[in-house]
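Below you'll find the structure, written out as structure tokens, and then a few comments.
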Amino acid sequence: MASLTDNQAGRLYALAFGAHPDDVELACGATLLKIIGEGFPAAVCDLTKGEMGTLGTPDIRRKEAAKAAEVMHYSSRTTLDLGDSKLFYSEENLAEIITVIRHCRPDVVFANPPQERHPDHVKASKLVTDAVYYAGLRQLETVMNGRKQQPHRPGHLLYYIQFTHLEPDVIVDVSETFAKSREGVLAFGSQFYREGDHEEPSTLINRKEFLTGLEARARYFGEQIGAMYGEGFLLPSKLAIRQFSGAFPGRPAE
Ligand SMILES: [Zn+2]
């Protein structure tokens with residue numbers, strides 16, 4: 001992969017969308033850290049504030065999302081208000097996502113997977129998938145801060161894997177960044193198990209085993225590619241190999 005040239009410096013490379021604050025950190029945080037470590041800026045856009053969550057308040061979740069953005073070194077984190085549990089497929093919601101894509105102009109977009117347990121995740125997946133396409137249409141007008149936006153279609157879309165088991169098309173080796181990515185997850189303190197907390201309602205993700213379960217999956221995906229940790233992704237279309245030796249590197253020089 002080419003390194004950043006001067007005129008690309010600061011240009012956003014990856015934009016990760018999540019239906020709720022913490023979706024991105026839980027599913028592809030280590031990959032985002034790897035991208036940032038390679039010198040390519042990455043940002044996050046949450047489609048909702050997560051106000052329907054069993055745990056935490058919108059204010060707590062806003063502070064947690066900001067803390068996660070800080071420890072993960074995102075270029076920016078945008079939180080839209082498309083409505084937790086009301087994330088409907090509408091022209092308005094689609095337009096808001098297109099506006100963010102055209103503003104950030106990423107090369108790579110990450111989205112919730114098309115099959116998931118939480119209905120918001122499925123809806124977010126469809127909305128972001130379609131917005132990635134529509135953002136490239138010249139005739140579809142969006143305006144930001146009183147100015148008409150230029151069309152932009154990101155070159156690559158990847159779906160991360162959440163609760164539902166899906167067979168990944170690609171696995172990213174995140175052995176170097178997995179441990180650090182847990183700091184981004186733990187920034188969402190209201191959502192996960194804490195020692196001594198016994199009065200809060202129990203949810204699927206605040207059980208003590210939840211985070212170790214996630215780690216087990218990352219180990220399993222890592223094992224599939226001979227690495228310590230891996231994060232799996234689905235692709236909406238076939239992966240094109242542009243530079244053969246980049247995708248299939250030879251042995252290091254002896
Ligand atoms: Zn979610």
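Couple of notes before you dig in:
- The number of residues in region 98-127 being among the aliphatic types (A, V, I, L, M), buried (at least 22 other Cβ atoms within 10 Å of the Cβ) and within 16 Å of the ligand (Cβ to nearest atom) comes to 3.
- If you go through region 67-112 and keep only what is more than 22 Å from Ile36 (Cβ to Cβ) and either touching a His at 6+ places or on another chain (Cβ under 7 Å) or of a type in the set (Phe, Trp, Tyr) (or both), you end up with Asp84, Phe88, Tyr89, Arg102.
- Applying the criterion of being within 16 Å of the ligand (Cβ to nearest atom) and out of contact with any strand residue (DSSP E or B) (no Cβ under 8 Å at 6 or more places or on another chain) to the residues of region 128-186, the residue that is nearest to Lys67 (Cα to Cα) is Gly184.
- Filtered residue count, region 1-31, keeping only those that are in contact with a strand residue (DSSP E or B) (Cβ under 6 Å, 6 or more places away or on another chain), at pLDDT 95 or above and within 16 Å of the ligand (Cβ to nearest atom): 6
- Across region 44-68, the qualifying residues are those that are surrounded by fewer than 22 Cβ atoms within 10 Å (Cβ to Cβ) and closer than 22 Å to Glu231 by Cβ, and the one among them that is nearest to the ligand (Cβ to nearest atom) is Glu64.
- Across region 15-49, the qualifying residues are those that are over 17 Å from Phe163 (Cα atoms) and in a loop (DSSP other than H, G, I, E, B), and the one among them that is nearest to the chain's Cα centre (by Cα) is Leu47.
The values are calculated or read from the model by the stated rules, or taken from the named source; none is laboratory data. For clarity, every value in this text was computed on a predicted model and none was experimentally measured. Glycine also receives a Cβ, built like all others from the backbone with ideal geometry; neighbour counts cover every protein chain displayed.
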